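The values are calculated or read from the model by the stated rules, or taken from the named source; none is laboratory data. Computed from a predicted structure; not experimentally measured. Note: ideal-geometry Cβ built from the backbone for every residue, glycine included; neighbour counts use all protein chains shown. Accessible surface is based on the protein model in full, side chains and every heavy atom, while ligands, DNA and RNA are left aside. Shrake-Rupley method; radii C 1.70, N 1.55, O 1.52, S 1.80 Å.
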Number of protein chains: 2
Amino acid sequence: MKRISQWIVSAVVLANSTLGWAAVKTKTVEYKKGKDTFEGVLVYPDNAKGKVPGVLMIHNWMGVSEETQKQAKRMAELGYAVFAADIYGKGVRPKNAEEAGKLAGSYRSGDRKLFRERLQLGLETLRGQKEVDASKVLAVGYCFGGTGVIELARAGADVKGVVSFHGGLDSPAPADGKNIKTRVLALHGADDPYVKAEDLAAFEKEMRDNKVDWQLYKFGNAVHSFTELAAGNDNSKGAAYNAAADARSFETFKDFAKESL
Amino acid sequence: MKRISQWIVSAVVLANSTLGWAAVKTKTVEYKKGKDTFEGVLVYPDNAKGKVPGVLMIHNWMGVSEETQKQAKRMAELGYAVFAADIYGKGVRPKNAEEAGKLAGSYRSGDRKLFRERLQLGLETLRGQKEVDASKVLAVGYCFGGTGVIELARAGADVKGVVSFHGGLDSPAPADGKNIKTRVLALHGADDPYVKAEDLAAFEKEMRDNKVDWQLYKFGNAVHSFTELAAGNDNSKGAAYNAAADARSFETFKDFAKESL
């Protein structure tokens with residue numbers, strides 16, 4: 001009977017770990033650098049025994065939002081400790097798309113050096129959490145954050161992989177591709193009007209020239225923001241939710257994480 | 001105790017169906033059309049209760065070979081009945097690359113009408129097997145066969161999806177894209193020299209113009225034949241095995257099949 005019980009437990013644990021039913025907890029994490037204060041969110045499995053692999057999550061142009069936390073919860077349920085880092089700083093949260101565009105642009109098109117510093121700081125903060133196995137960490141990001149995690153790779157970050165969900169793939173300094181030490185997966189809406197054909201070609205060239213372990217997955221009929229329900233469903237706006245691309249990209253993330261962590 | 005036994009069975013079946021441990025059987029299937037005779041191979045789960053979903057598998061330019069059967073076995077272990085159809089005809093097996101190139105070319109660049117007829121015949125034969133649930137069928141192909149399954153879609157085949165592994169993506173009749181009723185997944189080596197940039201662009205345009213449910217997954221550092229061990233490991237030859245691209249494309253196939261069947 002003891003043997004049978006062990007069988008049941010093993011089989012159910014196996015099913016759980018495969019299918020991801022972990023209950024999760026959420027906590028706010030405040031962190032500092034110099035005079036600046038940041039406020040991220042850690043979402044982690046409730047029932048973990050010991051440390052678990054970590055996922056650094058970089059928000060879209062709205063900052064750490066409900067949307068970010070929803071995505072973090074979804075990944076934490078797979079058994080990872082997900083840290084939604086704060087690039088903008090505590091209390092700095094755009095109120096609308098116009099403010100978001102300006103703020104994100106100040107990092108993305110403006111000061112990529114500062115962008116990289118904030119990304120690195122997020123990574124260090126994730127690694128410092130007691131729930132996290134610091135040797136097993138990858139980074140994911142959405143839109144602005146998708147650009148972010150590729151920048152993190154270009155800065156030479158020692159992580160197990162980076163995954164961009166509908167991120168901008170341009171680089172102001174393509175030569176930095178030589179610093180990439182990690183694998184790169186770009187999940188891309190094939191009709192995303194915010195990623196120009198020449199950026200896509202330059203991204204591929206940068207990856208190829210530097211012999212990066214890279215993958216690009218194009219989802220037909222999907223535009224920008226395809227994982228985000230709040231984007232609505234009108235492709236003609238250039239950003240829209242796409243249920244198929246959302247589900248498929250999440251499955252691909254799961255495969256990538258299983259391979260990498 | 002009965003309840004516990006059911007639990008064990010459910011949990012183990014769940015683990016099996018998720019992880020794919022099914023033992024498989026193989027049998028040769030001879031089939032005819034007019035004066036022509038064909039010889040395919042069916043690989044199916046040994047322990048299935050009733051009919052299972054079917055996978056039509058179209059061989060590379062060498063015809064139904066050891067390589068084809070290895071791939072068929074790998075998919076059948078997931079719980080599908082896989083029929084490796086014979087495009088060339090019984091006993092017609094090229095002895096080397098030169099013969100294979102000529103024979104494949106006679107369908108691919110020559111008579112695509114005949115190619116489609118042979119593909120359709122393979123599909124009907126799969127559907128006629130007693131092990132197969134004819135309502136749940138998809139098609140996969142390798143190289144020449146990858147081109148084949150997209151041709152099958154262009155012929156308007158009513159299947160749940162088609163998956164091309166390093167197939168040629170060109171079309172002599174792009175207008176046929178309007179006939180596509182099924183979802184299309186192209187798994188592509190990003191450095192495959194046999195798929196020209198203009199073919200790739202035309203493929204995307206064909207899919208987009210016809211609002212097909214399509215996906216294109218590009219694997220960095222992979223060339224033609226990336227799933228085939230026998231291709232060696234020298235990318236400079238234009239065709240080579242790539243363990244990462246092989247594993248990743250197979251995971252993507254699994255996700256696609258789970259979604260579609």
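Inside the stretch B:51-69, residues that are of a type outside the set (Val, Ile, Thr) and free of Cβ contacts under 8 Å to residues at least 60 places away in the same chain make up a count of 5. Mind listing just one residue for me: the one in the stretch B:203-251 that is aromatic (Phe, Trp, Tyr) and outside any helix (DSSP H, G or I) and, of those, surrounded by the most Cβ atoms within 10 Å (Cβ to Cβ)? Out of the qualifying residues, it is B:PHE226.
Inspect all residues belonging to the stretch B:49-58 and state whether any of them is among the charged types (D, E, K, R), surrounded by fewer than 24 Cβ atoms within 10 Å (Cβ to Cβ) and modelled with pLDDT under 95. Yes, that holds for at least one residue. Looking across the stretch B:178-192, the residues that are free of Cβ contacts under 8 Å to residues at least 60 places away in the same chain, surrounded by fewer than 23 Cβ atoms within 10 Å (Cβ to Cβ) and over 19 Å from A:LEU200 (Cα atoms) come down to B:LYS178, B:ASN179, B:LYS181, B:THR182. So, in the stretch A:204-255, of the ones that are free of Cβ contacts under 8 Å to residues at least 40 places away in the same chain and among the aromatic types (Phe, Trp, Tyr), which residue ends up farthest from the other protein chains (Cβ to nearest Cβ)? Step by step, filter the stretch A:204-255, then rank; the result is A:TYR241. Total residues in the stretch A:106-159 satisfying the condition of being outside any loop (DSSP other than H, G, I, E, B) and either modelled with pLDDT under 95 or of a type outside the set (D, E, K, R) (or both): the figure is 34.
When A:TYR80, A:TYR107 are checked against the criterion of being under 22 Å from A:ASP133 (Cα atoms) and either of a type in the set (A, V, I, L, M) or touching a residue at least 24 places away in the same chain (Cβ under 8 Å) (or both), A:TYR80 stands alone in meeting it. A residue that is among the hydrophobic types (A, V, I, L, M, F, W, C), within 28 Å of A:THR182 (Cβ to Cβ) and either assigned to a loop (DSSP other than H, G, I, E, B) or within 14 Å of chain A (Cβ to nearest Cβ) (or both) cannot be found anywhere in the stretch B:168-181.
Table: residues versus (1) of a type in the set (A, V, I, L, M); (2) in contact (Cβ under 8 Å) with a residue 12 or more places away in the chain.
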position: B:GLY91; (1), (2): no, yes
position: B:LYS95; (1), (2): no, no
position: B:LEU103; (1), (2): yes, yes
position: B:GLY122; (1), (2): no, yes
position: B:LEU126; (1), (2): yes, yes
position: B:TYR142; (1), (2): no, yes
position: B:ALA153; (1), (2): yes, yes
position: B:LYS160; (1), (2): no, yes
position: B:ASP176; (1), (2): no, yes
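Of all residues in the stretch A:190-202, those satisfying the criterion of being away from chain B (no Cβ under 11 Å) and touching a Phe, Trp or Tyr at 6+ places or on another chain (Cβ under 9 Å) are A:ASP192, A:VAL195.
Note on the stretch B:142-177: among residues that are among the acidic types (Asp, Glu) and over 23 Å from B:THR68 (Cβ atoms), the one that is least open to solvent (accessible area, probe 1.4 Å) is B:ASP176. A count restricted to the stretch A:102-133 and to residues that are of a type in the set (Phe, Trp, Tyr) and either within 16 Å of the chain's Cα centre (by Cα) or open to solvent by 40 Å² or more (accessible area, probe 1.4 Å) (or both) stands at 1. Among the conditions (1) over 13 Å from the mean Cα position of the chain (by Cα); (2) over 22 Å from B:ALA239 (Cα atoms); (3) hydrophobic (A, V, I, L, M, F, W, C); (4) crowded, with 17+ Cβ neighbours inside 10 Å, B:VAL92 misses just one, which is (4).
Looking across A:LYS95, A:LYS113, A:LYS102, A:LYS136, one residue alone is among the charged types (D, E, K, R) and within 25 Å of A:LYS25 (Cα to Cα). It is A:LYS136.
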